[in-house]
1. I'm checking my understanding of the structure. Among residues of segment A:59-78 that are more than 30 Å from B:Y46 (Cα to Cα) and among the small types (G, A, S), which one is farthest from the other protein chains (Cβ to nearest Cβ)?
2. Can you name the residue in segment B:100-110 that is among the aliphatic types (A, V, I, L, M) and assigned to a loop (DSSP other than H, G, I, E, B) and is also surrounded by the most Cβ atoms within 10 Å (Cβ to Cβ) among such residues?
3. If I ask for residues that are within 12 Å of chain B (Cβ to nearest Cβ) and either closer than 30 Å to A:R57 by Cβ or hydrophobic (A, V, I, L, M, F, W, C) (or both), which ones from segment A:79-95 would you list?
4. Does segment A:112-133 contain at least one residue that is modelled with pLDDT of 90 or more, within 14 Å of another protein chain (Cβ to nearest Cβ) and under 30 Å from A:P10 (Cα atoms)?
5. Determine whether segment A:293-316 contains at least one residue that is farther than 28 Å from A:W61 by Cα, part of a loop (DSSP other than H, G, I, E, B), at pLDDT below 90 and touching a His at 6+ places or on another chain (Cβ under 7 Å).
6. Just for segment A:538-560: of the residues that are of a type in the set (A, V, I, L, M, F, W, C) and assigned to a helix (DSSP H, G or I), which one is farthest from the other protein chains (Cβ to nearest Cβ)?
7. What helices (runs of 4 or more DSSP H) lie completely within segment A:418-460 and have 2 or more residues being within 14 Å of chain B (Cβ to nearest Cβ) and among the basic types (K, R)?
8. Just to be sure I understand, how many residues within segment B:61-99 are away from every other protein chain (no Cβ under 14 Å) and surrounded by 17 or more Cβ atoms within 10 Å (Cβ to Cβ)?
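The values are calculated or read from the model by the stated rules, or taken from the named source; none is laboratory data. It should be emphasised that the depicted structure is a prediction, and the values quoted were computed from it without experimental measurement. A quick note on method: Cβ atoms are made from the backbone with ideal geometry, for glycine too, and the neighbour counts reach across all protein chains shown.
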Amino acid sequence: MKWFKFWRYPGKFDFYRSDDRLLLIQIGIVVGVLSGFASVGLTWSLSAMLDSFAPFRQLWWAFLIPALGLMLSSLFLEKIMNEGAGHGVTEVIYSVSKVGGLMRLRSCFSRLISSCLTIGSGGSAGPEAPVVMSGAAIGSNIARFFNLNERQRITLVGCGCAGAISAIFNAPLTGMIFSMEIILGEWSMVHIIPIAAASVAGAETCRFLEGNRIAFESSAFHITSYDMAACFGLALIAALASVMLTRMLRKMHHISVKIPVPFWLRAAIGGAIVGLIGFAVPDALGEGYHTIHAMIHGMYTAGLGVAAVACLTKIITTSLTLGWGGSGGVFAPCLVIGSFAGIAFQRLLLFAFPTVMWSGEGLFALLGMAGMMSGLLQAPLTGLFLIVEITGSYDVMVSLIIVSALSTAITHYFEPTSFYLKDLIDNGSLLRPGTDQRVLSDISIREVIETDCIAVLPDMLLKDFVEIVKKSARNFFPVEDQQTGRFLGIINLNKIRPYIFNTFLYDTVVVEEIMDSDPEVVFYDDELSDVLQEMDSKNYFSMPVISHARFIGMVSKATLLDKYRDELKAQTFHIV
Amino acid sequence: MIKTLLHVFRNTPKGREVLLQSLYFCKLTGVSIVIYIPEHPKFLMYFDNDAVQVDLDKTYLADPATAKQHAEDLAEKAGVFPKFIKPKNFTASTLPDIPVHFDFMCCPRIIASLSAKISPGHIGPKVRRIINTATFPVLMPVPQFKEWKSLVVFFGGSGIDVKELKLALSLKRATGFPLYIFTQAEKTPKDYFEDVLAKSGLDGEIKKNVKKWYFFSKGKFKHNLYNIPHDALCILGAYDKEFVKDLIWGSTVELVQKTLPNTLLIAGPHYIIPPG
């Protein structure tokens, strides 16, 4: 038994004490493999579900299939798993940013099952976010099992995300970049190596089980200067599509929560509408990978109008699916919408400039995908490398860079934060490493409180108070009620100097008359960032801390900044 | 430094009894009460190395309009100044995060939607998990408010037992109530326990503050529990053993809570004695 206990604390092994990267690499590989299994499991389950529903898609009641799927998905998450559904990737970023990478064990599998029900029934969503959530939760819980510290746990959460993305797209580089760029928000050596190992482990697991396939392998493209020039226009179209999707997702969620029906009925209604739309535009259903295949291989025959309508429809069905209670991610829909946008743009170019020799429509489809991904996620590297790896098109790298960078910049103009981060920023929950907010969030009022103030009574004579001032090294004196101990006010020595030196007042003035009875105070559970802001705005150097109407101590700017420096050092020592 | 107790308030007659117990504890020990009135059927507590999700019984959401007033009235009658917390952070829109920087937490034996499925003699899995993870002890009151007038600490000679002895001594100082020690020694001689006390530097304080040491080397633990005063607050350490041992031999704390109708104060393996 002691042996078992010993192995649960590998961080204490002498071998890993000087450099824990070796430990993180080993555990990271395990996390990557398990994330790979989760990813392959979801892919197989989805494939089985989609195949089993395929014969019924043409029947009149087929619109009820997504309705049933979304309803079961929301019921499963809310009633069976008690998850309190949110967007998977956002929850992972929240966990890394705010709670040291802690995630619930149930998250290892809950989103896999719910997203399988949503997407398998025809809901417009992607399997990537659920797999990311699952991988992150696997990493977090393995870290918990081995009693690793917060930094190591965050690295393993990153490993889980990298392994998952790497496995589902067979794209190890993308997995690694996604994890660093979107999930962790920092590029440090201490993270990169274990995450790279996990990413490779995830990809190898997928290759072992499914073979080394490239998701959307494309043929080589001959890119002319006209195509390069067209990249600028395509970036604009992709950026507008990503702004539209971001806003529509948000809008749909706001509309749906206002409808006074149970959550499962709301999900069913959303699913039914998606199903009905699917009769008119079948490409708008499911994760849509077969449509991407057709577009990249130049087998998509529809014209400009149909492609543009399909693009808009996919935005609507995705928003309905995810906004009304379905479970899944936006990666796959993003790729579909992006490729539709690319095709529509290519058709427009053909119409406007019929004499120009444009490259094949497959090129525009994959440039559209990169633009859309980069715009929505505001993560140009993830978008760029994802497209390169899933299509194997290294020859279009320059065009991809142009579209990704421009699309990110244009989207940023309309939507300053990415889809994943918007809620977190609005709630003040995005605390990226090394930022002012993050450092302050890790310091509590308890740590900076100064308790050496001498309390005085309200009916004390000025003469007696002066005697106390002589003994004290501080400028602040809290005034407390003798009976209850309640905080009544504070005396700031700087404000009462005229009285102190006037001996005529010594026997006539009492403390109550010279105290500030309504000072600005800080409460025990206040955020230090708010306290510091208050101090800055009102030019205070110290403020009293109150709890349960009693004076606890003072918090001063000098102590706070000392502690801030210590915390900053502790948080950034590993960044090489 | 002010010590605080977290209480999750249930606005029902049963919840009132539990709050009365918390208020009584706070009044006697000088601890301040922080009350959370749930607005969602679940909440998360992020401890140092674990995230515990508590899925509440539906009754915790009963009559939210009167909940705060009821809690304030009870606190006022008890002469305790309450503070109400509202969650600032949410893991998901319906899943608030409750802070964990308290010195005590009051938990009824069961605080979960599965209460109907758990027999009354058991500690619910969520409460067990909180005890296992928290750095603060958990006050586990009896279902009906009952004043306690003495303190009994269960001492088995382990590391957690020394910590709980220190906790008991601090409560003894705060309340002035008589303190008893209960030891089920089996075959271990008393010298061993006295040695542990001496090594931890508590022997002098124990001699000065402990009224009686119930030391049993014979008889069944369950039967010897009869000696514990009916109006005592029992302080005990929990889950210090390996999970597998607990599974095979049963947990002492589960046996105590099943047998004794007393309010318990349980310190888990991660309990940290607060400074001051």
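1. This residue is A:A62.
2. Initially, segment B:100-110 is screened for residues among the aliphatic types (A, V, I, L, M), giving B:100, B:105, B:110.
Of the ones still in play, those that are also assigned to a loop (DSSP other than H, G, I, E, B) are B:100, B:110.
Values: B:V100: 18, B:I110: 20.
Selected residue: B:I110.
3. Step one: list which residues in segment A:79-95 are within 12 Å of chain B (Cβ to nearest Cβ), which gives A:79-88, A:90-95.
Across segment A:79-95, the qualifying residues are A:K79, A:I80, A:M81, A:E83, A:A85, A:H87, A:G88, A:V92, A:I93.
4. yes
5. No - not one qualifying residue is present in segment A:293-316.
6. Step one: list which residues in segment A:538-560 are of a type in the set (A, V, I, L, M, F, W, C), which gives A:541, A:543, A:545-546, A:549, A:551-552, A:554-555, A:558, A:560.
Then drop every residue that is not assigned to a helix (DSSP H, G or I), which leaves A:558, A:560.
Numbers: A:A558: 21, A:L560: 18 Å.
By that ranking, first place goes to A:A558.
7. On the way: elements: A:422-426, A:436-441, A:445-448.
Because the criterion is at least 2 residues that are within 14 Å of chain B (Cβ to nearest Cβ) and among the basic types (K, R), no helices (runs of 4 or more DSSP H) in segment A:418-460 meet it.
8. As a first pass, look at segment B:61-99 and keep what is away from every other protein chain (no Cβ under 14 Å): B:61-71, B:73-74, B:77.
Of the ones still in play, those that are also surrounded by 17 or more Cβ atoms within 10 Å (Cβ to Cβ) are B:67, B:70-71, B:74.
Result for segment B:61-99: 4.
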